[in-house]
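The values are calculated or read from the model by the stated rules, or taken from the named source; none is laboratory data. Remember, predicted model here, so these are calculated numbers, not experimental data. FYI the Cβ positions are ideal-geometry reconstructions off the backbone, even for glycines, and counts take in every protein chain you see. In case anyone asks, the SASA skips ligands and DNA or RNA and just uses the protein heavy atoms, side chains included. Shrake-Rupley method; radii C 1.70, N 1.55, O 1.52, S 1.80 Å.
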Amino acid sequence: AFDRRETSWWRTGPGWLDHGGISCILASSWVSLVAPEGRGMLWSKDGPGPDVLVAFNVEENTEWFGWHAKPSHIHYPFDNICVALSPDCDEGRGYRVELNSQGRKATVLYRNGMEVERVAQDASFPMRYRGGHAPYAPRKCRIAVMKRGPRLRVTVNGQSVLRFEDPEPVAVRRVGVGGHDTRINFSHLEVRRLSAPPEEPNDEPEAEP
């Protein structure tokens, strides 16, 4: 919930800032990654795998200049959002999804550091860069990544945007959330261990005795 400093996550990178709002109002609490020229990740201490769902909100990180400044504040775009499903705390192993990536033009899936799937972020994508005072629409987005058996799926604001089927699925032991060259507020972070998918029925006829 980020209404206090979370103890079940490791942090990499120097850009993490805690914001504890009114503790009884979950919407007022978040953690910020301020890494305009770097990167940072939150890594789960608990092993959630081998099949897992991770979901979270992203919102604009804001810099305040003062009541008499013009402008008084600025909202930064949440670029290069990263989600890692890894055997260890290593973005180069397992699966890594990058959203609002490559000049805000693509969502890209990497497997062991190699690109295996991508989708263009065009006008139909449910998270769109528009620039100006509020750079992304909607201003708050819900992102979820689910890995179950050989299948991996990414959803944004309830809409499926990317699917991938891995013939040699990687077992997940750590979940990471973060980004690079960006400023992001994260909130409502949820990790769930999933049961194994049911086995596919065998359609082949049995051999006669």
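Some values worked out for this structure:
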| quantity | calculated |
| --- | --- |
| 25 Å Cα-Cα reach of Lys45 towards lysines, excluding residues that sit fewer than 8 places from it in its own chain | Lys147 |
| Accessible solvent surface per residue of the chain, calculated while the other protein chains remain in place, 1.4 angstrom probe, Å² | 54 Å² |
| Magnitude of the charge dipole, the chain, Cβ model with Lys/Arg +1 and Asp/Glu -1, debye to 20 | 1080 debye |
| Cut-off under 5 Å, modelled amide H: who pairs with Gly94 long-range | Asn112 |
| Interchain or long-range residues, amide H under 5 Å from Gly38's placed H | Asp181, Thr182 |
| Surface share of carbon and sulfur [accessible, 1.4 angstrom probe, percent] for the chain | 51 percent |
| Phi to ³J(HN,Hα) by Karplus 6.51 cos²θ - 1.76 cosθ + 1.60 over region 135-141, Hz, x for Gly, Pro | x, 10, 10, x, 6, 10, 10 |
| Given (1) 41, 34, 33; (2) 88, 39, 30; (3) 63, 40, 32, the label whose value is Cα extents along the principal axes in Å derived from this model | (2) |
